[in-house]
Amino acid sequence: MSQAFRHPEMLDIIRRDGKVTVDGLAEHFGVTLQTIRRDLSELADAGQIERVHGGAILASGTHNIGYEERRSLNLEGKAAIARACAAQIPENASIFLNIGTSTEAVARELMHHRSLLVVTNNMNVANILAANSDCEIVVTGGSLRRSDGGLVGKLASETIQQFKFDLAVVGCSAIDREGDMLDFDIQEVGVSQAILAQSRRTFLVADHSKFQRTAPARIASLGAIDRFFTDAPLAPELAALCDGWGTGVEVCG
């Protein structure tokens, strides 16, 4: 396979898995370790990835990858996370679902829940749950972010402040080794902080790729989360932090 064909597939693998190794890519493509090292160096020089010892990770940056691309990444992991999360959401509850492909997966698992009041700043979540006739839906105001159907800004935050939710289900763009949840959009961060402040319990849904990424804006610590649903074990240091904070971690799938 030529370099022109390897590079796009390499990027797809890194976006799916968060991290790759030189050995694993060489075996996957049937080429030498030297060839893979050269390919990774070229992708790193182009700013598309970051080299780490023995492999590569997604490049850090100030911009998120595209919504449709995010929606197609790690579908099985997100589905497992969503099923586990939805199983712990009671009926007859008021909940908030925020922006993100993982929260949209949770919405799809709530199609048979009864007597839910769902408030959301995610137009996609509202459209999904519109098919559940036993679910009352409130959509916040705010500025529409056309790239992913999110509503952000002051009006969204002000709407959220009119409620006290039994439970919030939130996502994030990245989680760093100190246990901070991160995002790319400052306006979205403000909305996420309002959600956490107005919720009696909070669930985080985030797949393993979020451990390998970074973003510039801090939402809050995982210490503000009651239960964290993910699809891979946490690094020992991060697991110890969560244990100290009393943040439950459920590895799904």
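A few comments on the model shown:
- Residues (without any contact (Cβ under 8 Å) to a residue 60 or more places away in the chain and out of contact with any strand residue (DSSP E or B) (no Cβ under 7 Å at 6 or more places or on another chain)) located in region 240-253: ALA240, ASP243, GLY244, GLY246
- Failed item, numbered, when ALA168 is tested on (1) surrounded by fewer than 19 Cβ atoms within 10 Å (Cβ to Cβ); (2) touching a helix residue (DSSP H, G or I) at 6+ places or on another chain (Cβ under 7 Å); (3) within 21 Å of ALA86 (Cα to Cα): (1)
- Positions within region 51-90 being of a type outside the set (Lys, Arg), open to solvent by 40 Å² or more (accessible area, probe 1.4 Å) and at pLDDT 95 or above, in sequence order: ALA87, GLN88, PRO90
- Here VAL249 clears all of (1) surrounded by fewer than 20 Cβ atoms within 10 Å (Cβ to Cβ); (2) over 25 Å from ARG15 (Cβ atoms) except the condition numbered (2).
- Given (1) surrounded by fewer than 19 Cβ atoms within 10 Å (Cβ to Cβ); (2) at pLDDT 90 or above; (3) in contact with a Ser or Thr (Cβ under 7 Å, 6 or more places away or on another chain), number of the condition ALA93 does not satisfy: (3)
- Filtered residue count, region 25-50, keeping only those that are closer than 11 Å to GLN3 by Cβ, in contact (Cβ under 8 Å) with a residue 12 or more places away in the chain and open to solvent by less than 60 Å² (accessible area, probe 1.4 Å): 5
- ALA156 meets each of the listed conditions (1) surrounded by fewer than 18 Cβ atoms within 10 Å (Cβ to Cβ); (2) closer than 13 Å to ILE195 by Cβ apart from (1).
- Failed condition for GLN161, given (1) open to solvent by 60 Å² or more (accessible area, probe 1.4 Å); (2) under 25 Å from ALA235 (Cα atoms); (3) in contact with a helix residue (DSSP H, G or I) (Cβ under 7 Å, 6 or more places away or on another chain): (2)
- Failed item in (1) open to solvent by 10 Å² or more (accessible area, probe 1.4 Å); (2) of a type in the set (Phe, Trp, Tyr); (3) modelled with pLDDT of 95 or more, with PHE228 passing the rest: (1)
The values are calculated or read from the model by the stated rules, or taken from the named source; none is laboratory data. Only a predicted model underlies this, so the values are computations on that prediction, with no experimental measurement involved. Note: ideal-geometry Cβ built from the backbone for every residue, glycine included; neighbour counts use all protein chains shown. Quick note on the areas: whole protein, heavy atoms, side chains included, nothing else; ligands and nucleic acids left out. Shrake-Rupley method; radii C 1.70, N 1.55, O 1.52, S 1.80 Å.
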